[in-house]
Amino acid sequence: MEPLTVAQQELYDWLAEYVRQYQHSPSIRQMMQAMNLKSPAPVQSRLEHLRAKGYIEWTEGKARTIRILQSHSPQQSIPVLGAIAAGGLVEPFTDAVEHLDFEKLFLPPATFALRVIGDSMIEDLITEGDLAIMRPVANPEQVKNGTIVAARVDGHGTTLKRFYLRGDRVTLKPANPKYKPIEIAAKQVQLQGVLLGVWRGYN
């Protein structure tokens, strides 16, 4: 099986999780949003490579017919994609800097971890040095108010907070009274992950 590039793997993992959750394939626009792309061309290029390498297939001329050809085995290691602020904001995460091994747990495809910096989530028992175990957000519209998320704020960075959407405004609320909520236009926020759990005592 021909290996995938980082960009192709990112799209493949997201597609596999989306299809697993919703039993149908997403639109090109949804893929663009999930990959944080402004144009459909890079998405279409990645899809063509995935098909050429035998990872996916679709019916020509019909929308939302992508099929996943390679099934995922249970994920046994989680990439730690850097740090996330439980306080202010940090730079967006990208490449894996280390891995956590979970040989006996079944985890959703593309699960990843972020090391927590700061104490803004201490009342949710998330403290500095913990690893926040996250799953990618297949459909941001399905994220319920009050969910703990990794949210990227345009022009700033990524933060771990509770998510609330009201109209066209998002509130990212800390779990520590000494921090103020972040209130911002919804279009300036990208949900990059939903919290699955917290790993403590990792060296």
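The values are calculated or read from the model by the stated rules, or taken from the named source; none is laboratory data. For clarity, every value in this text was computed on a predicted model and none was experimentally measured. FYI the Cβ positions are ideal-geometry reconstructions off the backbone, even for glycines, and counts take in every protein chain you see. In case anyone asks, the SASA skips ligands and DNA or RNA and just uses the protein heavy atoms, side chains included. Shrake-Rupley method; radii C 1.70, N 1.55, O 1.52, S 1.80 Å.
Taking the stated definitions as given, is Ala96 of a type outside the set (Phe, Trp, Tyr), part of a helix (DSSP H, G or I), modelled with pLDDT under 90 and surrounded by fewer than 18 Cβ atoms within 10 Å (Cβ to Cβ)?
Answer is no for this residue.
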Next item on the list: Select from the stretch 37-57 the residues that are part of a helix (DSSP H, G or I) and either hydroxyl-bearing (Ser, Thr, Tyr) or surrounded by fewer than 16 Cβ atoms within 10 Å (Cβ to Cβ) (or both) and list them in ascending order.
Entry: Pro40, Ala41, Pro42, Gln44, Ser45, Glu48, Arg51, Ala52
Check: Filter the stretch 99-131 for residues that are among the hydroxyl-bearing types (Ser, Thr, Tyr) and crowded, with 16+ Cβ neighbours inside 10 Å; which is modelled with the highest pLDDT?
Finding: Ser120
Note to self: Based on this model, can you work out whether Tyr164 counts as among the aromatic types (Phe, Trp, Tyr), modelled with pLDDT of 90 or more, touching a Leu at 6+ places or on another chain (Cβ under 9 Å) and open to solvent by 20 Å² or more (accessible area, probe 1.4 Å)?
What the structure shows: yes
Next item on the list: Mind counting the residues in the stretch 16-27 that are modelled with pLDDT of 90 or more and either touching a Gly at 6+ places or on another chain (Cβ under 7 Å) or crowded, with 16+ Cβ neighbours inside 10 Å (or both)?
Entry: 2
Margin query: Whether any residue in the stretch 78-89 is open to solvent by 50 Å² or more (accessible area, probe 1.4 Å), modelled with pLDDT under 90, within 19 Å of the chain's Cα centre (by Cα) and among the hydrophobic types (A, V, I, L, M, F, W, C) is what I want to check.
Written below: yes
